[in-house]
Amino acid sequence: MACLALSLQPTNGPDIMLQTREWFPPSRALAALSAFRLTRLSQSSHRAAPSSSASASAQAQAHPSSDDLDSSLGDDPLAASSGQVIVGVESKYRVIYRLVNSIYVLGVTTADDQARAATNAFDCINTVNQAVSVVVAACRGVDVTPEKVHRKYPEVYMALDIVLRGAAGAVRLAAILSSIHGDNIAKLVSSAPDAEARVRGADPWSAQMETLSADRRATLESFSGASFELPAETLAAGDEVAVAIAPAVVTEDQAQKDQPPQTTEESTEEKDPFAASEKINKPEEALVGGFKKIKDPAADPTAALAGLEVTTLPPAEATKPTFVSVEGFEGDYGGIEFGTEEASLNDAFEGFNTAFGGGLDASEFVTTTKTKPKGPGLTGLELLATGPGGPTPAAAAGSQLDGLMAAQAAAEMTTPEMYIHEEINAEFKESLLSRVGLKGTVYLRTLPPKKAAGKETEFSFRLEGTSVIKRAALLSSTVSSLENNLFHVRTGSMEEPIPVLKFSLQPKLTPLPLRVRLLKRHSGTLLSVMIQYASNPTLPSPLTNVTFAVKLPVDPTLLNVSPKAVLNKEERELRWHIPDIPLKGHTGRLRARMPVDQDSSEGELDVVGMVRFSGQGLMTLSGVSIRPASESVVQFTEVSHTYSSGNYLCL
């Protein structure tokens, strides 16, 4: 079993560190180390207190012979700087030790029969030698002391854990020793397990395929293990409900009795569907009588504009941009471009709810009364107000148009539709990705209940690209697994889409649509923030309508941004809207600069950035796709897949 435990034991004082294998109890390792300490102390006491006769003979023989010196070597198992000793009474263990300055590096293994003991001893000696190299590298030399080890305790602890488990080859041990004085412990722990293979020119393809094969097998087991069976009581209750709600069977005699008597007087003349209405011949007063004319002067647009007061504009110096020379934030910030004095109100202020001029709010230059902009109406009908508080004709027309489009899409459906919606969550700390996750949901949109006419939706489909899936769950009441990534759906018609399957990806195989980096600099009472972003060039299509938001620590009194942004003073949030991010373009930069009340010497301010985006396409980000179970028979339609951002943060 090679080396079971590693320990650092100073000559004077308690043990510094103990590392054990998973199956070796720490209590037994402590017993072996305590026995080694007692053996060492007993041997040192025997050497320190010789008898008086022995001291007299030693003085008499000032120069002993060489034969006597050769015969005395090896009598004391702890006399040399390295060796081995068997300790314990009932449970015996072999302790391999090396003395480095004032610290013993100990390795504990079993004391079995002669053949196995030799193998264990040589393996344990190799492990102890690697541990000595780690301790010497951590202390920057052979002058090893407990104080120096305590300074590099986390690095020594993680390095000895790797050495004890036999995962440190020659190349990886050299990488650990070279990075033990670095700033990143995670780099030391994950210091290229395949570094030795790369140095020798080997191909790590087999190891990667083994990992993917294991993940695929786990996914298949999770899919195949999902089963659902209804108890007999539930089936019986369902049959009773089905009989109760089933339509009654009408016989021919009852149908003849229920039919109303046919009238003999039928119109022989067919009506023209395109004929003009008879109301066209009515007088004009009868047609206009349905409209109520309001004589309220408040409804007159000219009367509403008569009381609007506009304050004087700031001087021309305030409209010029400010040049910032701070490293990383160079550029012109702010600047408001006003029209001439003869310009109309629309030319000077395009809208009261939109930001302009470097992110400043228009409410600082006009009255604080907020007016909602009216959308374009239908042929001027919005001027015919029907009363206060009523819906605008544009909103009513928009809702009617959306309803008509949804009804038309439902009417055009001939087969069930399936698509996948993916939600990406990520968290960046400066330029490093700390957390990432992708959750996908497979949706089924059945035919509308009116069009399905009571028929159930039943078909089979297949999932492709499931090697990246880490965990999945089925809606067992609707879909069942047929193994080999085949699934069978059986459900009734519903108006809303049904989520039949949910899955999450492995973090290491999760695609990142956008890489974001947040930089902040707090110098005195001036806070500068910059967001850098770059798109993933392997995306199926570029990202559009991306919104970057920054939570400001204080309510800014003066704010300079580049490019222009929108400031929400209630939520203290600054937003940039990017219409399009190219796949292989330059790195984008969003900058903001503002004065704060807190000085940099009093502590740093927390700034959080968020990204919001969504889109759709024929391909998913994860690579998972939906296919028919049989290529010859297509029982459903795969429509465009969608994706959106969840918690996409940069800290």
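Within segment 426-447, is there a residue that is free of Cβ contacts under 8 Å to residues at least 24 places away in the same chain and assigned to a loop (DSSP other than H, G, I, E, B)?
Among the residues of segment 426-447, not one is free of Cβ contacts under 8 Å to residues at least 24 places away in the same chain and assigned to a loop (DSSP other than H, G, I, E, B), which makes the answer no.
Take the conditions of a type in the set (S, T, N, Q), out of contact with any Lys or Arg (no Cβ under 7 Å at 6 or more places or on another chain), surrounded by fewer than 18 Cβ atoms within 10 Å (Cβ to Cβ) and touching a residue at least 40 places away in the same chain (Cβ under 8 Å) and apply them to residue 535. Does it pass? Please lay out each step first, then the result.
Details: of a type in the set (S, T, N, Q): yes; out of contact with any Lys or Arg (no Cβ under 7 Å at 6 or more places or on another chain): yes; surrounded by fewer than 18 Cβ atoms within 10 Å (Cβ to Cβ): no; touching a residue at least 40 places away in the same chain (Cβ under 8 Å): yes.
So residue 535 fails the test.
Under 18 Å from the mean Cα position of the chain (by Cα), under 25 Å from residue 466 (Cα atoms) and either of a type in the set (A, V, I, L, M, F, W, C) or in a strand (DSSP E or B) (or both), is that true of residue 512? Steps first, answer last, please.
Details: under 18 Å from the mean Cα position of the chain (by Cα): yes; under 25 Å from residue 466 (Cα atoms): yes; either of a type in the set (A, V, I, L, M, F, W, C) or in a strand (DSSP E or B) (or both): yes.
Yes: the conditions hold for residue 512.
Consider only pairs whose beta carbons are under 9 Å apart and that are at least six residues apart or on different chains; among these, list those whose first residue lies in segment 133-146 and is under 16 Å from residue 107 (Cα atoms) and whose second residue is among the acidic types (Asp, Glu).
That search, which allows pairs on different chains as well, returns 134/155.
It is to be established whether one or more residues within segment 469-484 are assigned to a loop (DSSP other than H, G, I, E, B), open to solvent by less than 30 Å² (accessible area, probe 1.4 Å) and not polar (S, T, N, Q).
Of segment 469-484, the ones assigned to a loop (DSSP other than H, G, I, E, B) are 475-478, 482-484.
If we keep only those that are open to solvent by less than 30 Å² (accessible area, probe 1.4 Å) as well, we get 478.
Still in the list and also not polar (S, T, N, Q): none.
No, segment 469-484 contains no residue that is assigned to a loop (DSSP other than H, G, I, E, B), open to solvent by less than 30 Å² (accessible area, probe 1.4 Å) and not polar (S, T, N, Q).
Name the one entry in 144, 149 that is part of a loop (DSSP other than H, G, I, E, B), β-branched (Val, Ile, Thr), over 33 Å from the mean Cα position of the chain (by Cα) and at pLDDT 65 or above. Working first, answer last.
Working: 149 fails: part of a loop (DSSP other than H, G, I, E, B).
It is 144.
Would you list the strands (runs of 3 or more DSSP E) that sit entirely within segment 521-615 and hold 1 or more residues that are aromatic (Phe, Trp, Tyr)? Quick ask: steps written out before the conclusion?
On the way: elements: 526-535, 543-551, 560-562, 566-568, 573-581, 588-595, 608-612.
Output list reads 526-535, 543-551, 573-581.
Take the residues of segment 426-442 that are surrounded by fewer than 18 Cβ atoms within 10 Å (Cβ to Cβ) and small (Gly, Ala, Ser): which is nearest to residue 477 (Cα to Cα)?
The selected residue is 437.
Between 397, 452, 409, which is at pLDDT below 90, small (Gly, Ala, Ser), surrounded by 13 or more Cβ atoms within 10 Å (Cβ to Cβ) and out of contact with any Ser or Thr (no Cβ under 7 Å at 6 or more places or on another chain)?
Values: 452 fails: out of contact with any Ser or Thr (no Cβ under 7 Å at 6 or more places or on another chain); 409 fails: surrounded by 13 or more Cβ atoms within 10 Å (Cβ to Cβ).
The unique qualifying residue is 397.
What is the one condition in (1) among the charged types (D, E, K, R); (2) closer than 30 Å to residue 533 by Cβ; (3) more than 30 Å from the chain's Cα centre (by Cα) that residue 429 does not satisfy?
(3)
Regarding segment 489-512, can at least one residue be identified that is closer than 19 Å to residue 609 by Cα and open to solvent by less than 30 Å² (accessible area, probe 1.4 Å)? Show your work before the answer.
Pass one, segment 489-512, residues closer than 19 Å to residue 609 by Cα: 512.
From what is left, the residues that are open to solvent by less than 30 Å² (accessible area, probe 1.4 Å) are 512.
Yes; the residues of segment 489-512 include at least one that is closer than 19 Å to residue 609 by Cα and open to solvent by less than 30 Å² (accessible area, probe 1.4 Å).
Working only within segment 485-497, note down all residues that are part of a strand (DSSP E or B) and closer than 17 Å to residue 223 by Cβ. First the steps, then the outcome.
Pass one, segment 485-497, residues part of a strand (DSSP E or B): 486-491.
Matches in segment 485-497: 486, 487, 488, 489.
Taking the condition of being part of a loop (DSSP other than H, G, I, E, B) and either in contact with a Pro (Cβ under 9 Å, 6 or more places away or on another chain) or modelled with pLDDT under 90 (or both), how many residues in segment 623-639 meet it?
Residues of segment 623-639 that are part of a loop (DSSP other than H, G, I, E, B), as a first pass: 623-624, 629-636, 639.
Right, trim to either in contact with a Pro (Cβ under 9 Å, 6 or more places away or on another chain) or modelled with pLDDT under 90 (or both) and you get 623, 629-636.
Number satisfying all stated conditions: 9.
Determine which member of the set 554, 550 is without any contact (Cβ under 8 Å) to a residue 60 or more places away in the chain, surrounded by 13 or more Cβ atoms within 10 Å (Cβ to Cβ) and among the hydrophobic types (A, V, I, L, M, F, W, C).
Working: 550 fails: without any contact (Cβ under 8 Å) to a residue 60 or more places away in the chain.
None of the other options fit; the residue is 554.
What pairs come up if the first residue lies in segment 505-528 and is at positive phi, the second is surrounded by fewer than 15 Cβ atoms within 10 Å (Cβ to Cβ) and of a type outside the set (A, V, I, L, M), and their beta carbons are under 7 Å apart, counting only those six or more places apart or on different chains?
What qualifies is 524/599.
What's the number of the condition residue 445 fails, among (1) surrounded by fewer than 19 Cβ atoms within 10 Å (Cβ to Cβ); (2) farther than 30 Å from residue 651 by Cα; (3) in contact with an Asp or Glu (Cβ under 6 Å, 6 or more places away or on another chain)?
Going through (1) surrounded by fewer than 19 Cβ atoms within 10 Å (Cβ to Cβ); (2) farther than 30 Å from residue 651 by Cα; (3) in contact with an Asp or Glu (Cβ under 6 Å, 6 or more places away or on another chain) one by one, residue 445 breaks only (1).
In this structure, does residue 624 turn out to be more than 21 Å from residue 438 (Cα to Cα), among the aliphatic types (A, V, I, L, M) and in contact (Cβ under 8 Å) with a residue 60 or more places away in the chain? Let's see the steps before the verdict.
Details: more than 21 Å from residue 438 (Cα to Cα): no; among the aliphatic types (A, V, I, L, M): yes; in contact (Cβ under 8 Å) with a residue 60 or more places away in the chain: yes.
Criteria not met by residue 624.
Output the residue which, of all residues in segment 578-600 that are under 16 Å from residue 520 (Cβ atoms) and of a type in the set (S, T, N, Q), is least open to solvent (accessible area, probe 1.4 Å). Show your work before the answer.
At the first step, the residues of segment 578-600 found to be under 16 Å from residue 520 (Cβ atoms) are 589-596, 598-600.
If we keep only those that are of a type in the set (S, T, N, Q) as well, we get 598, 600.
Values: 598: 57, 600: 40 Å².
Here the residue is 600.
The values are calculated or read from the model by the stated rules, or taken from the named source; none is laboratory data. Note that the coordinates shown come from a computational prediction; the quantities given were computed from them, not determined experimentally. So basically every Cβ, Gly included, is an ideal-geometry build from the backbone, and we count neighbours across all protein chains shown. Note: accessible area is taken over every heavy atom of the protein model, side chains too, but ligands, DNA and RNA are not part of it. Shrake-Rupley method; radii C 1.70, N 1.55, O 1.52, S 1.80 Å.
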